[in-house]
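*Asks:* Here it is: the structure, laid out below.
The values are calculated or read from the model by the stated rules, or taken from the named source; none is laboratory data. Being a predicted model, the structure only gives us computed values, none of them experimental. Glycine gets a Cβ as well: all are built from the backbone with ideal geometry, and neighbour counts include every protein chain shown.
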Amino acid sequence: MANPWRMSTFFATAASVSGAAMPRDRVMDGVDLLPFVSGSAPGNPHKSLFWRSGPYKTLLEGDWKLQVSHIPNKMWLFDLKNDPTERQNLAATEPVRLRDMLAKMNENDKAQHKPLWPSLIEGAIDIDHPLSYPQHPNDEYVYWSN
């Protein structure tokens, strides 16, 4: 559901290509991908990924993914290595991992600037199937801000 291409990573890579300096007046959590694409830097460019949209936040760290939505008030924790299609929510059975990932999520969230303008609309988006599928009363959803 979430997009691993962070806008700040795109910005960092575009700045590098153009020779522009990165802003220093705010946290820029993006990574210049050129060294990874060219092979001059090994490994994974991101230890973790964090993104948010209004009341919905996600943290991807290693093989684990945490999604938190305040509308509805729910958390989903997935072990992507053993459950790549996100069918088994482990939030209730992995309390230590949930606590640790929530702390990291909150730390990331506090480091980011607040949005420059409020969203105009928030809408329920199903997360257990593509938007083109019919909605059913028991579908999992989050509220996504534009």
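*Asks:* Regarding Leu102, is this residue part of a helix (DSSP H, G or I), more than 30 Å from Ser18 (Cα to Cα) and touching a residue at least 24 places away in the same chain (Cβ under 8 Å)?
*Replies:* Numbers: part of a helix (DSSP H, G or I): yes; more than 30 Å from Ser18 (Cα to Cα): yes; touching a residue at least 24 places away in the same chain (Cβ under 8 Å): yes.
It is true that Leu102 is part of a helix (DSSP H, G or I), more than 30 Å from Ser18 (Cα to Cα) and touching a residue at least 24 places away in the same chain (Cβ under 8 Å).
*Asks:* What are the residues in region 118-138 that are acidic (Asp, Glu) and assigned to a strand (DSSP E or B), if any?
*Replies:* Those that are acidic (Asp, Glu) and assigned to a strand (DSSP E or B): Glu122, Asp126.
*Asks:* So, in region 36-48, of the ones that are touching a helix residue (DSSP H, G or I) at 6+ places or on another chain (Cβ under 9 Å) and not small (Gly, Ala, Ser), which residue ends up farthest from Met101 (Cα to Cα)?
*Replies:* Per the criteria, the residue is Val37.
*Asks:* Out of region 113-146, which residues are surrounded by 14 or more Cβ atoms within 10 Å (Cβ to Cβ), out of contact with any Phe, Trp or Tyr (no Cβ under 8 Å at 6 or more places or on another chain) and closer than 26 Å to Pro23 by Cβ?
*Replies:* Ser119
*Asks:* Mind telling me which of the residues Asp32, Asp25, Asp83 ends up being at pLDDT 90 or above and part of a loop (DSSP other than H, G, I, E, B)?
*Replies:* Going through Asp32, Asp25, Asp83 in turn, just one is at pLDDT 90 or above and part of a loop (DSSP other than H, G, I, E, B): Asp83.
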